[in-house]
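What follows is one structure encoded as structure tokens, with my remarks underneath.
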Amino acid sequence: ASRIDTLLYFEIIPIFFAAILYPRVVFLVMELISTVLSVVAVRSIFHNPAASERTVLALAVVVLAVAEMLHRLKAARDRTEQALRESEYRQRTIIEADPDCVKMLAADGTLLDMNRSGLAMIEARSLEEVRGRSVYPLVKAEHRKAFQTLTEETFQGQSGTLEIAIVGLRGTPRWILT
């Protein structure tokens, strides 16, 4: 088997499998393939003077094609990441501008996210103060079961509203519609 065949079977093919198993590293994998092919092309020229020009030109074409693909993948990734950042910023701006409490809970009632209006309602100084904690203790005991049921039903695709009494972290009672 030629050096190219050995390279294909033992170096490049495992790299492609790694790209399939770990798609987040495709960019690095493509750089690695380009580097490996460049090294093989240079070795073919210097270590085998009898190497056909066709082999060297074929490797050069492959290296250029991989480099072009790498450039396009990076540009596409950069555009996608920028669009995601812009979308997240727009969404966060809309949520933060809402005068109502906007919150995201886990199925067990753990607070994942909340806007400033909601934080003010529960008297939290910051999201970090309450993130990861259950919101159920904030709900007065006589409404807690109904609120837990509503939360569970929401995760089952149902919707509903409920007027409940809560007590903020600093002791202020409030009635809210959720």
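The values are calculated or read from the model by the stated rules, or taken from the named source; none is laboratory data. Computed from a predicted model, the values in this text were never measured in an experiment. So basically every Cβ, Gly included, is an ideal-geometry build from the backbone, and we count neighbours across all protein chains shown. For the accessible areas, the whole protein counts, side chains as well, though only heavy atoms, and no ligand, DNA or RNA atoms are used. Shrake-Rupley method; radii C 1.70, N 1.55, O 1.52, S 1.80 Å.
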Original post:
Once you put a point 7 Å from the Cα of TYR89 and another 7 Å from the Cα of TYR136, both along the Cβ direction, what distance in nm separates them?
Top reply: 4.0
**OP:** Take the Cβ-Cβ distance between THR80 and ASP113 as r, set R0 to 35 Å, and report the resulting FRET efficiency rounded to the nearest 0.05.
**Re:** 0.90
Original post:
Counting only protein heavy atoms and using a 1.4 Å probe, what share of the accessible area of region 81-142 belongs to carbon plus sulfur, as a whole percent?
Top reply: 56
Original post:
Roughly what percent of Cα-Cα pairs across region 128-178 reach past 14 Å?
Top reply: 54
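Find how much the distance from THR172 to VAL102 grows on full extension, using 0.36 nm per residue of separation minus their present alpha carbon separation; answer in nm with one decimal.
Taking THR172 through VAL102 to full extension adds about 23.3 nm, to one decimal.
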Original post:
Just from the alpha-carbon atoms, what are the Rg and Dmax of region 80-178 in angstroms?
Top reply: 14.4, 48
**OP:** Give the calculated FRET efficiency between LEU127 and ALA65 to the nearest 0.05, with a Förster radius of 45 Å applied to their Cβ-Cβ distance.
**Re:** 0.40
Original post:
How much accessible surface does VAL167 have with a 1.4 Å probe, in Å² rounded to 10?
Top reply: 50
